[in-house]
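All remarks here apply to the structure that follows.
The values are calculated or read from the model by the stated rules, or taken from the named source; none is laboratory data. Fair warning: this is a prediction, and the values are worked out from it, not measured in the lab. Quick reminder, even Gly has a Cβ in these numbers, built from the backbone with ideal geometry, and neighbours come from all protein chains shown. SASA here: full protein model, heavy atoms, side chains in, ligands and nucleic acids out. Shrake-Rupley method; radii C 1.70, N 1.55, O 1.52, S 1.80 Å.
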Amino acid sequence: MKNDLDKKLHGILDKWNPDIAIPGRFRSDVWTMIAARQEARESTLWFQLSNLIEQFSFKPAFAYATCTIAIVFGLFIGFQQTARIQEQFKSHYVQSVDPYVQTVRGNS
Amino acid sequence: MKHFAKILLLALSLGAITAALVIFVKSKQIDDKDDLAWIKIQFNLDQEHLNRVRKLHDDYMSKCTEMCVKIENSNSKLRSLVANNSQVTPEIESAIKECATVQTECHASMLEYFYSVSKEMKPEDAKVYMNEMMKCIVQPASRPGLR
């Protein structure tokens, strides 16, 4: 389907004959500009970095390492969170045995 | 970058699932309405010791309620004397002394309770427990409940 459309389009373009004078070096100038832009893009830090990351990401070791770090981080967050919950339970216990805290809470 | 994004997404999901699992498993072990939940988790008491601590706690709670009434009475007496006077009178002095006496009584009862609970723990746990509970008696300003 796409090939048919391409053929049709090429046919129309071949028949199209604009009456414009094209400079002699037009084609090579266009390619030079494309090459210069491509080079400028590839020389940016972001492009190099993303290229490097992309290359690394195809290595299984990278996937294992990333997942391991994420799991360790998840464990850390989980235990941090439970430590906070335990701190709340400690506070609850202290409040239950301290008559001064209970009196303050009763008055507020 | 699509491949990298997929790995990152997978890693983030794994991290989130791990964190959620830890929180879920840990919170499953806790009854959040139990006053002794902290003691149970922190000091890993077996059922026999926990039952004894619970008995001590229940006995102490009736004393604690009595102390609350005493604190409230002595405080309101002092409050009303202060409000009705413009200088320190012998009655105010006596009310201040009464508040201090109630406080001493309360601290002594709390300490007695803390000692009895600590006897149900392993010696190293008892030390940690006593250190934590001493904050209620020695440094009232840093009580977790008042923060």
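Just so you know, in segment B:32-61 the residues that are loosely packed, with under 12 Cβ neighbours inside 10 Å and under 16 Å from the mean Cα position of the chain (by Cα) include one that is farthest from the other protein chains (Cβ to nearest Cβ), and it is B:Asp58. Contact map, segment A:50-61: first residue within 10 Å of another protein chain (Cβ to nearest Cβ), second residue assigned to a loop (DSSP other than H, G, I, E, B), Cβ cut-off under 6 Å, separation 6 or more or different chains; pairs are A:Ser50/B:Met1; A:Glu54/B:Met1. If you check B:Thr104, B:Thr89 for being surrounded by 11 or more Cβ atoms within 10 Å (Cβ to Cβ) and either at pLDDT 90 or above or more than 12 Å from chain A (Cβ to nearest Cβ) (or both), only one passes: B:Thr89. Does A:Thr82 fit the bill of being under 41 Å from the mean Cα position of the chain (by Cα), open to solvent by less than 60 Å² (accessible area, probe 1.4 Å) and within 8 Å of chain B (Cβ to nearest Cβ)? Yes; evaluated as a whole, the condition is true for this residue.
Condition check: within 7 Å of another protein chain (Cβ to nearest Cβ), touching a Cys at 6+ places or on another chain (Cβ under 9 Å) and either more than 26 Å from B:Lys33 (Cα to Cα) or surrounded by 13 or more Cβ atoms within 10 Å (Cβ to Cβ) (or both). Does A:Tyr100 satisfy that?
Working: within 7 Å of another protein chain (Cβ to nearest Cβ): yes; touching a Cys at 6+ places or on another chain (Cβ under 9 Å): yes; either more than 26 Å from B:Lys33 (Cα to Cα) or surrounded by 13 or more Cβ atoms within 10 Å (Cβ to Cβ) (or both): yes.
So A:Tyr100 passes the test.
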